[in-house]
Amino acid sequence: MVEPFPAPPKAGVPILQLQGVNVFYGRSHAVQGVDLSLYSGVLSVVGRNGMGKTTMCKAIMGLVPIASGSVRFMGEEIGGMAPADIARLGVGYVPQGRRLWRSLTVHEHLRLIAKPKGRWTPERIYEVFPRLAERRNNGGAQLSGGEQQMLAISRALLMNPRLLIMDEPTEGLAPVIVAHVEETLVRLAAEGDVSILVIEQNIGVATQMSDPVAIMVNGRINRIIASATLAADRELQQRLLGVGRHSHDDVEPGGGDGGAAPSPAGSPAPASEGPIRVYMANPVVPTRWSREVPAAQIEAAARTISRPTLATVDGRRIGDTSAVAARSPSEPHVIIAGTLDTKGEELRYIRDIIRAAGLRTRLVDVSTQGHNQGADVSAHEVAVASPRGLSALGSGDRGAAVAAMTEAFRAWITTQQGVVGLISAGGSGGTAIATAAMQVLPVGVPKFMVSTMAAGNVASYVGSTDITMMHSVTDVQGLNRISRAVLGNAAHAMAAMASSHMAAARARPGQERPLVGLTMFGVTTPCVQQVSKLIEPEWEPLVFHATGVGGRSMEKLIDSGLLQGVIDVSTTEVCDMLVGGILPATEDRFGAVIRTRLPYVGSVGAVDMVNFAAPDTVPARFIGRDLYAHNPQITLMRTTAEENARIGRWIGERLNQMDGPVRFLIPEGGVSALDAPGKPFFDPDANAALFDALTATVRTSANRQLIRLPLHINDPAFAQALVREFRALHQGRRGTARTRP
């Protein structure tokens, strides 16, 4: 059994909170009323030497006493506690100077600290820092400065901390080692297991690791500033910190090959919100005989760094202080959702591209492992919406956990406001979870799924809504030249779609006609065409092919509030559902009308037939029935009187559940083009069973009426009757589309 990490703090409680902390060395006031809060992720604190940064770290760890103020870890007061007790609570400390044992090997250092059942083990350390695995038998005195720093960090991680405090982690390291340490720390924070407080003098590192950055001057937190602002303002760096960027970070504006153009005077350079590409010009240590490394090899070996949603200060998440993060869930934003425990790098890459396009984002974790992965919305926050509760996620059964998270995410998304797009990337499990939520979003809200399953049958994922599926080509597992291209295209497409959706939402509807949905089958086409022509001056007709998915699509638009009227001429999908055809409705047929109380006008168009594929696919139990070859791929079967009676009762029971006004018209002269004298499906007895079952089942009232007419469904007079009843129900009710709250 793996020893669990310390439980995460309650919602809204900082991992670390300092309030009015004062520390003295004799009469010297080293830390002066420091207030600082870290909620999750990474927070950098920068300042010149002697400003009190290290003393602040020691005060947090209990290594120096605080004269006054409060230090809280996950809501618990730790000021005045012994350092060992603070460490046991889950606070790790990497002091300045590393402080390793010269005589112990790397592996002995790790074994000395490792807990028997801890989540961090020496093996996991070697995965994070492969260089240490190579040097596992070397003593502390035989390691380079970078290796020593890796070992110092590893030693702290083996304590399984919830908070890691690092004092000058890149001091004295070569630039390539600095980049590696920086990337590792950001990745650890992104995985959500640990939050990190970094004390740094290297402004380049500090601003890359966190946004914003806290500046410490004369023992106080002087200000908390956006990383981009600090990185671009050299005068501010000199005034508050006394230093600029390290020399290897300097790039002269407009100087050198590919140099950036200078920014306008007085305006800071814009921050890059997109993913960062890190190139290594010399993948191996060069010698005098080394040859120039081909550009293609450098590109292939490049790493992509995407910042996690980082920690914040002063009670606000960093996402809330960014110009492209949703400040509240109701602001227009794009949701990037997926299993961050396995797809975190890819999803953050998508998020960063969408952010770079100027859109607000929320990163939502739907992992089933339950650990905090550094998302804006954690998997636990989503899981509490599950009808099954949290027990299913912790059952240990992956199938049950995925099913529970699918239900939870589907329920959670319906409570969200301001969603202008939902994008995800994943395999079969992630696709099932994400598309289930996409299906409940209104039609028109962009939905984009990058999936390993997109090259196959996607009907179960797309359903009746407007989900865009893109094949991932490779597995969604790490960033490479192919996955970056595919995911980048998807992210840019989502950014464009979301921008267009917001622009359309801002546009005034003007004098646009309201929308009405009509269902049509080939054998009811004349009726629907006549109805459409009659209502077109006042309404905009949307015709849905009654093939199972057609009816579901119409009802999806009703649920989304996009249809203001319905003339359900062809309810034939019920036949396939009850008898066993290939174009069935679901048990929720008519459900959207029931839920929305939309005025309903309907009929029994094509309720004389069941659909099958080619003749040789008709089930054996139907051999000898009245079959008709509609075309080489579709075979129709005439319904019997018994089947029609059952169909009539089912439809009648659904009509009884409608609280809105109902007008259901029955064409006694025939229900389809094949149901007329001399036609193959003409069967007055079967029709009578259908009509009588409806009459016996429907509880008629002034609000709910059955209207029997001695007309064929395709007669012009029947179309006129449908339109007359429709207009009567909507007299004075016309308006613009309803919107989902």
Inset, instruction - Kindly indicate whether any position in the range 159-174 is assigned to a helix (DSSP H, G or I), open to solvent by 10 Å² or more (accessible area, probe 1.4 Å) and either at pLDDT 80 or above or not β-branched (Val, Ile, Thr) (or both). - result: no
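Could you check the range 13-52 for strands (runs of 3 or more DSSP E) lying wholly inside it with 3 or more residues that are within 16 Å of Arg223 (Cβ to Cβ) and touching a residue at least 40 places away in the same chain (Cβ under 8 Å)? Can you show your working first?
Numbers: elements: 16-25, 28-38, 42-46.
It comes to 28-38, 42-46.
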Inset, instruction - Name every residue in the range 382-402 that is at pLDDT below 60 and under 20 Å from Thr415 (Cα atoms), in order of residue number. - result: Gly389, Leu390
Inset, instruction - Identify, from the list Arg625, Arg597, the residue that is farther than 16 Å from Val523 by Cβ, touching a residue at least 60 places away in the same chain (Cβ under 8 Å) and surrounded by fewer than 16 Cβ atoms within 10 Å (Cβ to Cβ). - result: Arg597
Inset, instruction - Hand me the list of helices (runs of 4 or more DSSP H) wholly inside the range 479-567 holding 3 or more residues that are loosely packed, with under 15 Cβ neighbours inside 10 Å, without any contact (Cβ under 8 Å) to a residue 60 or more places away in the chain and not basic (Lys, Arg). - result: 481-506
Inset, instruction - Within the range 127-147, identify whether any single residue is closer than 21 Å to Leu230 by Cα and in a helix (DSSP H, G or I), and answer yes or no. - result: no
Inset, instruction - Count, please, the residues in the range 435-450 that happen to be at negative phi and either open to solvent by 30 Å² or more (accessible area, probe 1.4 Å) or touching a His at 6+ places or on another chain (Cβ under 7 Å) (or both). - result: 5
Inset, instruction - Can you tell me which residue among Arg119, Arg111, Arg136, Arg131 is farther than 26 Å from Met216 by Cβ and out of contact with any helix residue (DSSP H, G or I) (no Cβ under 9 Å at 6 or more places or on another chain)? - result: Arg119
Legend entry - Residues of the range 607-622 satisfying the condition of being open to solvent by 50 Å² or more (accessible area, probe 1.4 Å) and either among the hydroxyl-bearing types (Ser, Thr, Tyr) or in contact (Cβ under 8 Å) with a residue 60 or more places away in the chain (or both): Thr617
Inset, instruction - Could you tell me which numbered condition Val205 fails, if it satisfies all but one of (1) at pLDDT 80 or above; (2) open to solvent by less than 10 Å² (accessible area, probe 1.4 Å); (3) assigned to a helix (DSSP H, G or I)? - result: (1)
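The values are calculated or read from the model by the stated rules, or taken from the named source; none is laboratory data. Everything numeric in this text was worked out from a predicted model, so none of it was measured. Neighbour counts run over all protein chains shown; Cβ positions are idealised from the backbone, glycine included. Protein only, heavy atoms only, side chains kept; ligands, DNA and RNA dropped before computing areas. Shrake-Rupley method; radii C 1.70, N 1.55, O 1.52, S 1.80 Å.
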